[in-house]
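Dropping the structure in here first, questions after.
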Amino acid sequence: MTQRQKDILSAIVEQYAEVAAPVGSSLLAKVFKVSSATIRAEMAQLEEAGYITQPHTSAGRIPTDKGYRFYVNNMSEAKETPTERRAEKALTARVQEGGVPERTIRNTVDTLVELTHNLGLATIGEQLYMSGLSNLFGQPEFMNAGQVQEVARLLDNLEPWLYEAALNEPLNVYIGRENPIGASAGVSLIISKFRSPYSDQSYIGVLGPTRQNYRDVMSLVQRAGKTLEEVLYA
């Protein structure tokens, strides 16, 4: 993939996350200061390689699971923005409010829900705490009953899967069909492992549509896990 194609793919991922509508060549032509024909040629190659797709005839393009995975794997270390700093400060403040471990973990999940607009979740002992279900089903992606059923299936099986999988990476990202359960649900699961009084393998994270601001969400989930571990063992 050429550098321009990488940049175009990144622009499609980020624009689609923001507006929830297919991204057209005319918009990208303005961004990259080239002709629409040039953009269409680059998009055709990206589509042929499976990184983007055209949901409707004459529509713009949206990323595929493969496109999102490439984007996530190749995210550069960008300088933290003021918005990201405010979000991480808000998260840290809520974690540090103290209280019993269960309340601290619940507060952290609720804060992730507020900041990411996704469903938040965490393991607390043998239980899975979830918050923000209305956020998830309020997304435009989940308008048909079949997809909602797939999401429900994933949620029903998520707790036993987490314990069976025993995820060892500090941050784990499953995009769309990469999810071992509910693969057709069209969601991304972003999970951070942390130590708690309940288990050395406790988990906190979010579940949302594949149309995500991955940079911000992954950063917040990872910060949540690190800060929880620091606070719970202070």
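The values are calculated or read from the model by the stated rules, or taken from the named source; none is laboratory data. In this text the structure is predicted, and so the values were computed from the model without any measurement. Cβ placement follows ideal geometry from the backbone for every residue including glycine, while neighbour counts extend to all protein chains displayed.
Out of (1) of a type outside the set (V, I, T); (2) surrounded by 12 or more Cβ atoms within 10 Å (Cβ to Cβ); (3) modelled with pLDDT under 90; (4) in the same structural domain as R211 (by TED's automatic domain parsing), the odd one out for E114 is which?
(3)
If you don't mind, there's one more thing I want to ask. Could you list, in sequence order, the residues of region 152-187 that are in contact with a strand residue (DSSP E or B) (Cβ under 6 Å, 6 or more places away or on another chain) and assigned to a helix (DSSP H, G or I)?
Selection gives E159, L162.
If you don't mind, another one. Within region 152-176, can you find the residues that are touching a helix residue (DSSP H, G or I) at 6+ places or on another chain (Cβ under 7 Å) and modelled with pLDDT under 90?
P170
Also, I was wondering about something else. Taking only region 104-150 into account, find how many residues are farther than 12 Å from L228 by Cβ and in a helix (DSSP H, G or I).
Matching residues across region 104-150 total 16.
Given the conditions (1) surrounded by 21 or more Cβ atoms within 10 Å (Cβ to Cβ); (2) within 16 Å of the chain's Cα centre (by Cα); (3) closer than 21 Å to K226 by Cβ, which single one is not true for P63?
(3)
Ok, one more. So which residues in region 163-175 are aliphatic (A, V, I, L, M), more than 18 Å from A224 (Cα to Cα) and over 11 Å from the mean Cα position of the chain (by Cα), if there are any at all?
Those that are aliphatic (A, V, I, L, M), more than 18 Å from A224 (Cα to Cα) and over 11 Å from the mean Cα position of the chain (by Cα): A165, A166.
Scanning region 27-74 for residues that are among the polar types (S, T, N, Q) and touching a Gly at 6+ places or on another chain (Cβ under 9 Å), which turns out farthest from M218 (Cα to Cα)?
Filtering region 27-74 for residues that are among the polar types (S, T, N, Q) and touching a Gly at 6+ places or on another chain (Cβ under 9 Å), the one farthest from M218 (Cα to Cα) comes out as S36.
Under 8 Å by Cβ, and 6 or more places apart or on different chains, what pairs join a residue from region 171-191 that is more than 16 Å from P160 (Cβ to Cβ) with one that is in a loop (DSSP other than H, G, I, E, B) and among the aromatic types (F, W, Y)?
Once the first residue is more than 16 Å from P160 (Cβ to Cβ) and sits in region 171-191, its partners that are in a loop (DSSP other than H, G, I, E, B) and among the aromatic types (F, W, Y) give G186/F142.
Tell me which of these L207 doesn't satisfy, since it passes every other one: (1) surrounded by fewer than 20 Cβ atoms within 10 Å (Cβ to Cβ); (2) within 21 Å of V19 (Cα to Cα).
For L207, the failing item is (1).
Of all the residues that make up region 8-24, how many are in contact (Cβ under 8 Å) with a residue 40 or more places away in the chain and not in a helix (DSSP H, G or I)?
Total satisfying the criteria: 2.
Also, quick follow-up: May I ask you to list the residues in region 25-70 that are outside any helix (DSSP H, G or I) and in contact with a strand residue (DSSP E or B) (Cβ under 8 Å, 6 or more places away or on another chain)?
Listed by number, the residues that qualify are Y51, I52, T53, Q54, P55, G60, R61, I62, P63, T64.
Quick one: in region 45-67, which of the residues that are at pLDDT below 95 and of a type in the set (G, A, S) is farthest from Y214 (Cα to Cα)?
Within region 45-67, the match that is farthest from Y214 (Cα to Cα) is S58.
Of all residues in region 188-217, which are under 8 Å from the mean Cα position of the chain (by Cα) and part of a strand (DSSP E or B)?
S188, L189, I190, V206, L207, G208, P209, listed by residue number.
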